[in-house]
2 protein chains.
Amino acid sequence: MKYAIGIDIGGTITKIGLVSEQGKCLEKTSFRTKEFKNFSKYITQLEKAINSLTKNKTIVGIGMGAPNASKNGTIETPANLKWSGKLNLVDKLREKFTCPIFLSNDANCAAVGEMMYGNAKKLKDFIVITLGTGLGSGIVTNGMLVEGYDGFAAELGHFSINNKSRYTGLGVRGGLEAYVSATGIKRTIMYMLSKYMDESVFRGIAFNDLHGEDITEAAENNDKIAIKSYEYTGKILGEALANFVSFSQPEAIILTGGLAHSGKWILKPTKNSFEKKLLPFYKGKVKILLSGLEDKDSAILGSAALVWKNLS
Amino acid sequence: MKYAIGIDIGGTITKIGLVSEQGKCLEKTSFRTKEFKNFSKYITQLEKAINSLTKNKTIVGIGMGAPNASKNGTIETPANLKWSGKLNLVDKLREKFTCPIFLSNDANCAAVGEMMYGNAKKLKDFIVITLGTGLGSGIVTNGMLVEGYDGFAAELGHFSINNKSRYTGLGVRGGLEAYVSATGIKRTIMYMLSKYMDESVFRGIAFNDLHGEDITEAAENNDKIAIKSYEYTGKILGEALANFVSFSQPEAIILTGGLAHSGKWILKPTKNSFEKKLLPFYKGKVKILLSGLEDKDSAILGSAALVWKNLS
C-alpha cells in the first residue's frame, strides 16, 4: 500500500496525516504552530511529527498547504504566521527527507482535495473558502486551479468589503477575513459584547481563551451573543460570495475549516444573505456546500492530494 | 483572401466590420441599436448592414459580441438593450446566412481579440474591462476564457462596490457600472453639477445630448467638472480593479471601449487609486493598459477573432 504525508500549516495548529491513495487519513498528529517563534525549531518539530507517522512505511511524497505559499517552495510574508520574510520551507525539509515534496497555498490544497475526494468531484467551476485563523480560497475554473501570474491568485481573505471598521493582520482595512474566519467571529463576539447587554457565557471568557467550538456550543444553548455573531458573520460572507459569483460563476462554493464546523450556524445566515444579493441570472444556479471531506481532516487530505495529483 | 464579419452589439450602437485573418478591419458600418425597439426589425437592419460589406467576397464566418450572451446563441435579459426576454440571435441570423455564426459576451470577444491581435498576445492571465454603455469584462486564467457554469462569468459591471448611492440598469444598488462606464461618467457629470458651482460647459448640455468625447474635450479645456468627473470615476475603478486582483492575479488589466478612449484622463486616476489599494505582494506586478487593438475597432476585431479562433 502507498502512502502520502499531508501537512496543513495553519496559523494556530499544524496538522500532519498519513493518507492513503484513496483519500483516507489513517493516522494523524498535530502541534501548535504558534509555539514556535523560531522557524528552525518549527522545522525540527515538523520532522519529528512526520517520522512518528512513517515508521516502517513507504512514503511516496509529502504535500504541504500553507498560507502565502509561492510557486517555488517558499512562504512569503504570511499574515497569520509568526515568522516573517521569505521562508524556504521546501528546501529545509529536503535536507531531512528524500521523497518528493510539494507546497501550495493551503486553500489551493483544499480545492484539489475537494476535486479528488470531496464535493467537487464532477465540477469544473467551483470555489473553496477555508475559514481558519484567516480566510483562504481556492478557485477552480475550466477544471484548473486559478494560480495567477506568480501564484498569489485567490487571496480573497484580503478582499475589501463595504464594512470598513476592522483591519486584517496585513493591515487591510475592511478585509473580508477580519470578519469571516475563526478569528473574525471571535472579534465579532467582542463587538457584540460591546454593542448589546445580553447575558452571555462570553462575558466570562477572555479573547485568547475563546475557541470556535465554544461559540457553536453557546449558540446551541441559545446564547444571544453567539447567535447574533453567527448571523453577522454569515451576512457578510453571503454578500461577499455573491460578489465572487460575478467573477467566475462557480457551480458551487464549498466552505471548510474551523468556522465551517459550526454547520448550520454559519451556513443558514450565509445562504440567506447570498440568495438575497445574487443577480437574477445566477439565482438557483450556485450551491453553497460544506466540505465533502472527512470531518476535520479536509486540510490534511487536500495537502496529500497535491502529492497524488503531481505524481499522477 | 479570407474575411470574417465582426459585429459588436452595443447598447447604443451596433458596429459591423469586414476583418482580415491578420486582424485588419478593412471596411465598416454602424447604426444606432436604440432605434430598433422591435427585435425583428433590428435583425433586418443587421442583415442589410452585413450585405453592404460582403458583396463579391467570401465570408468564412460571422462573429458577434453582445451583452448577456449565453453559451447557446441567445441573449438573455440584457440590462443595456431595449429588448427583453430570451432573444434567439444566432437562430434568426442563420435564416439569412449559411456561413458559421458565433456569439459570445461582448467583453469575452474583446478578451479574445486582445489575445489574438492586441496587448495580451503573450499573457495567460489577464482581464479586459470594456467601458461602453455598461461595464463588461472578459477574464482569462491559465490561457483560457473564464465562462463559468453556464456562460455568465465575468459580469463585473454588476460587481457591488462600497458606494451605494446609484442603481444599475438591472437595479443593482452600488453596481460598478453605475459609476464606471460611458453612462456612469455622464451620471457623474450630473452629480458634479449638483455638488459644485464651478462654471462648466456641461451646464448647457442635457444628459441625453452628452457624449464621451465632449467630456474629454472639456477636460482638455480645463473644465473643472470634467476633470473632477474623471478623477471620481478613476478612483472607483482603481479600487475595484485592486479587489479583482485578489481573485485571479492577472498580469495585466486592459481597458477598452468609449470611456477608455479618453486615454490619460481615465488612466491616470485609475492607476493612482489602484496602486494605493493593491496588496503588498501584488505591488509592481500588475499592469494597467489601454487596448492594443486599432482605435475604436477593438470590439469589431474581438468579435471577428471569435470566428478565427473557433474555426482554427
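The values are calculated or read from the model by the stated rules, or taken from the named source; none is laboratory data. If you're wondering where the values come from, they're calculated on a predicted model, not measured in any experiment. Heads up, the Cβs are rebuilt from the backbone with ideal geometry, glycines too, and the neighbour counts pull from every protein chain shown. Surface accessibility is based on the protein's heavy atoms, side chains included, excluding ligands, DNA and RNA. Shrake-Rupley method; radii C 1.70, N 1.55, O 1.52, S 1.80 Å.
Run the numbers on chain B and let me know its relative contact order in percent, using alpha-carbon pairs under 8 Å that are six or more apart. Before the final figure, lay out the partial values.
Values: 653 pairs, mean separation 64.0, N = 312.
Here the relative contact order equals 21 percent.
Provide a whole-number value for the mean count of partner chain Cβ atoms within 10 Å of the Cβ atoms in peptide A:281-289.
3
Which value, in Å² and to the nearest 10, is the accessible area of B:HIS158 when all protein chains are kept and the probe is 1.4 Å?
10 Å²
Tell me, what ³J(HN,Hα) does each residue in the stretch B:214-223 have, in order and in whole Hz, if you take phi through Karplus 6.51 cos²θ - 1.76 cosθ + 1.60 with θ = phi - 60° and put x for Gly and Pro?
Rounded to whole hertz, the list is 4, 6, 4, 4, 5, 4, 4, 8, 6, 6.
Would you please name the trypsin sites (Lys or Arg not before Pro) within the stretch B:1-36 that are DSSP coil residues with at most 16 other C-beta atoms within 10 Å of their C-beta?
On the way: sites: B:LYS2, B:LYS15, B:LYS24, B:LYS28, B:ARG32, B:LYS34; in loops: B:LYS2, B:LYS24.
Hits after loop and neighbour filter: B:LYS2, B:LYS24.
Given the protein chains as shown and a 1.4 Å probe, how many square angstrom of A:GLU251 are accessible, to the nearest 10?
Using a 1.4 Å probe on the heavy atoms, I get roughly 40 Å².
Quick one: what are the phi-derived ³J(HN,Hα) couplings along the stretch B:174-187, Karplus 6.51/-1.76/1.60 with θ = phi - 60°, whole Hz, x for glycine and proline?
In residue order, the calculated couplings are x, x, 3, 5, 5, 10, 10, 4, 4, 6, x, 6, 5, 5 Hz.
List, in order, the whole-Hz ³J(HN,Hα) value for each residue of the stretch B:14-26 obtained from phi through the Karplus relation with A = 6.51, B = -1.76, C = 1.60 and θ = phi - 60°; use x for Gly and Pro.
9, 10, 10, x, 9, 10, 7, 4, 7, x, 9, 8, 8
Take every residue in peptide A:12-25, count the Cβ atoms of other chains within 10 Å of its Cβ, and give the average of those counts.
Values: counts 0, 0, 0, 0, 0, 0, 0, 0, 0, 0, 0, 0, 0, 0.
Mean shielding count: 0.
Compute the separation of the alpha-carbon centres of the stretch B:11-82 and the stretch B:249-312 and state it in Å as a whole number.
Computed from Cα coordinates, the inter-centre distance equals 23 Å.
How would B:CYS109, A:CYS25 rank on accessible area, largest to smallest, probe 1.4 Å? Don't skip to the answer; put the middle values down first.
Working: B:CYS109 0, A:CYS25 25 Å².
Sorted descending by solvent-accessible area, the residues read A:CYS25, B:CYS109.
222 nm [θ] for chain B, helices only, -39500 (n - 2.57) per DSSP H run of 4+, per residue, to 500? Numbers along the way, then the final one.
On the way: 8 runs with 110 residues, N = 312.
Taking each H run of at least 4 residues, the total per residue is -11500 deg cm²/dmol.
Hey, what did the stretch A:182-312 get for relative contact order, percent, Cα under 8 Å, at least 6 apart?
Details: 137 pairs, mean separation 32.6, N = 131.
This gives 25 percent for the stretch A:182-312.
Only loop residues by DSSP count here, and only those with at most 16 other Cβ atoms within 10 Å; note down the trypsin sites (Lys or Arg not before Pro) in the stretch B:156-195 that meet that.
Numbers: sites: B:LYS164, B:ARG166, B:ARG173, B:LYS186, B:ARG187, B:LYS195; in loops: B:LYS164, B:ARG166.
Of the trypsin sites (Lys or Arg not before Pro), the ones in loops of the stretch B:156-195 whose Cβ has at most 16 other Cβ atoms within 10 Å are B:LYS164.
Return the percentage of antiparallel bridges among DSSP beta bridges fully within the protein assembly as shown, rounded to the nearest 5 %. Please report the intermediate quantities before stating the final value.
Numbers: 54 of 94 bridges.
So the antiparallel bridges amount to about 55 percent of the total.
Which trypsin sites (Lys or Arg not before Pro) from the stretch A:264-312 combine a DSSP loop assignment with at most 11 other Cβ atoms within 10 Å?
Numbers: sites: A:LYS264, A:LYS271, A:LYS276, A:LYS277, A:LYS283, A:LYS285, A:LYS287, A:LYS296, A:LYS309; in loops: A:LYS283, A:LYS285, A:LYS296.
Qualifying residues, ordered by number: A:LYS283.
Which percent of the accessible area of chain A is formed by carbon and sulfur heavy atoms (probe 1.4 angstrom)? Intermediate results must be reported in sequence, preceding the final value.
Details: 6170 of 12750 Å².
Its accessible area is 48 percent carbon and sulfur atoms.
With contacts defined as alpha carbon pairs under 8 Å and 6 or more residues apart, what's the relative contact order of the stretch B:31-101 in percent? Numbers along the way, then the final one.
Working: 61 pairs, mean separation 22.7, N = 71.
Here the relative contact order equals 32 percent.
Of A:LYS235/B:LYS235; B:LYS2/B:LYS55; A:LYS28/A:LYS57; A:LYS86/B:LYS124; B:LYS122/B:LYS309; B:LYS121/B:LYS277, which pairs sit farther than 18 Å apart, going by alpha carbon to alpha carbon?
Numbers: A:LYS235/B:LYS235 27 Å; B:LYS2/B:LYS55 13 Å; A:LYS28/A:LYS57 14 Å; A:LYS86/B:LYS124 26 Å; B:LYS122/B:LYS309 16 Å; B:LYS121/B:LYS277 27 Å.
As for pairs spanning more than 18 Å Cα to Cα, those are A:LYS235/B:LYS235; A:LYS86/B:LYS124; B:LYS121/B:LYS277.
What are the residues of the stretch B:221-253 that lose 30 Å² or more of accessible area, with a 1.4 Å probe, going from their chain alone to all protein chains?
Listed in order, they are B:ASN243, B:SER246, B:PHE247, B:GLN249, B:GLU251.
Given the stretch B:35-191, what percent of its DSSP beta bridges are antiparallel, to the nearest 5?
Counting DSSP beta bridges with both partners in the stretch B:35-191, the antiparallel share is about 70 percent.
Across peptide B:150-158, how many C-beta atoms of other chains are within 10 Å of each residue C-beta, on average? Provide the component values of the computation, followed by the final result.
Numbers: counts 6, 2, 7, 9, 4, 7, 3, 1, 8.
Mean partner shielding for this stretch: 5.
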